[in-house]
Every structure is written in C-alpha cells, then in structure tokens.
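Asker: The structure's right below; bear with me while I get my questions together.
Nothing in this text is a laboratory measurement; each read-out follows from the coordinates by a stated rule. Everything numeric here is computed off the predicted structure, so don't read it as measured data. Note that we place each Cβ from the backbone using ideal geometry, even for glycine, and neighbour counts take in every protein chain shown.
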Amino acid sequence: MTNASQTESRRSLSDPGCTTIREVLARVGDKWSVLVITLLGERTMRFSELQRSIEGISQRMLTLTVRQLERDGLVERVVFPVVPPRVEYSLTALGTTLLDPLVALARWADVHRADINAARGEYEARPESSPTPWLVSVELPESAYGTAAAEHTLNGSQ
C-alpha cells in the first residue's frame with residue numbers, strides 16, 4: 001500500500017461525516033430514544049402516555065430525551081392552548097425515515113442473539129479475556145521480592 005492510499009483511508013473524528021455519524025449514533029443509540037421513536041412511530045402521544053408506555057423512565061429523562069429528539073428534528077412537539085396545557089409528540093417526516101433502519105437493526109439483533117451470546121461466552125472462556133482489556137495484569141518476578149513479599153503486596157497489605 002502506498003503512502004497516498006494510506007493517507008486517503010484514514011479517518012479523523014473531526015471530519016464532518018464522522019462527526020455527524022457519531023452524533024446520530026449517540027442520539028439513536030441511547031437507551032430511551034429508540035423506545036420513544038418506535039412508540040411515536042405507532043401514533044401521536046401525550047407526554048404522560050409516553051411515560052406510562054416506557055417502563056423505568058423518569059419524568060426528567062423523558063423530558064431530556066424528547067427535547068433532544070425535537071432539537072435533532074426527529075420529533076415534533078405541539079402545545080395546545082388549553083387549561084391544563086396539553087402537549088402532544090409525534091415523529092416528523094425525518095423521524096419517520098429512521099423507523100425502518102431501527103426496526104431492521106432490532107430484527108438483526110433478535111435473529112443473531114444466540115450467535116452474539118455464544119461469541120461472548122467463547123470470549124469470556126478464554127484465559128486471556130478480560131472485562132477490562134485496557135488493564136494488563138502484571139506478574140511480579142519472584143526473584144525480585146520473594147514469593148511471600150509478592151503475595152503480601154498483591155493482597156494489598158503493607
């Protein structure tokens with residue numbers, strides 16, 4: 001591979017395309033946005049309906065989620081001038097275009113759930129696997145401190 005082709009294939013997190021992709025994935029990849037989008041894909045809903053439909057979401061988290069989705073142009077918020085105020089949420093045309101990819105991803109995950117679980121099990125069974133791969137285990141040489149000193153240090157004793 002030439003130097004020019006290596007340079008062309010590099011990606012920077014600051015590239016406009018990468019930035020946009022990261023932002024979109026952060027939005028639709030969070031725990032609550034997918035649920036809100038799929039529920040609003042079925043029909044327009046009031047805030048309280050959304051909250052009752054999503055087990056475990058707090059009022060604050062739902063508020064933050066729908067605000068971000070509205071900011072990104074995926075959800076429309078309509079306030080009706082009545083007392084008490086009535087607010088309804090629905091998907092925008094842009095938000096509706098996100099339904100098919102989300103459903104396809106959910107379908108893929110469901111079809112491949114057993115494969116993913118098997119791969120995880122195989123990975124976890126490997127002796128070198130670590131839930132924190134960035135941490136490297138360090139073995140102290142016995143000759144430097146002696147076995148008793150090494151065990152004493154590793155156990156946190158002084």
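Asker: Tell me, what is the FRET efficiency for Val82 and Lys31 to the nearest 0.05, using R0 = 41 angstrom and their Cβ-Cβ distance as r?
Answerer: That pair, Val82 with Lys31, gives E of 0.80.
Asker: Could you grab the relative contact order for region 3-111? Cα pairs under 8 Å, six or more apart, rounded to a whole percent.
Answerer: Relative contact order for region 3-111 comes out at 24 percent.
Asker: Exactly which trypsin sites (Lys or Arg not before Pro) in region 33-67 are in a DSSP loop and have at most 10 other Cβ atoms within 10 Å?
Answerer: The qualifying sites are Arg43.
Asker: Same structure again: Tally Lys/Arg at +1 and Asp/Glu at -1 over every other residue whose Cβ is under 12 Å from the Cβ of Gly29; what's the total?
Answerer: Local charge sum for Gly29: +1.
Asker: What does the charge add up to near Arg86, with Lys and Arg as +1, Asp and Glu as -1, over the other residues with Cβ less than 14 Å from its Cβ?
Answerer: Charge balance in the 14 Å sphere: 0.
Asker: Do any GluC sites (Glu not before Pro) in region 54-111 lie in a DSSP loop with no more than 13 other beta carbon atoms within 10 Å, and if so, which?
Answerer: Glu55
Asker: Read phi for every residue in region 95-103 and hand back ³J(HN,Hα) as whole Hz from Karplus 6.51 cos²θ - 1.76 cosθ + 1.60, θ = phi - 60°, with x for Gly and Pro.
Answerer: x, 5, 5, 7, 4, 4, x, 5, 5
Asker: Run the numbers for Arg113 and Leu39: contour at 0.36 nm per residue of separation, minus the present Cα-Cα distance, in nm.
Answerer: Result for the pair: 24.4 nm of gain on full extension.
Asker: Using modelled amide H (1.01 Å from N, peptide plane; none on Pro or chain starts), what sits under 5 Å from the amide H of Arg46, excluding residues fewer than 5 places away?
Answerer: Tyr89
Asker: Let me ask something additional. Collect residues whose amide H, placed 1.01 Å from N in the peptide plane, falls under 5 Å from the amide H of Val75; neighbours closer than 5 in sequence don't count.
Answerer: Here the answer is Glu70, Thr92, since their amide H atoms fall under 5 Å of that of Val75.
Asker: For region 3-111, what is the per residue volume of the convex hull drawn over the alpha-carbon atoms, in cubic angstrom?
Answerer: 140
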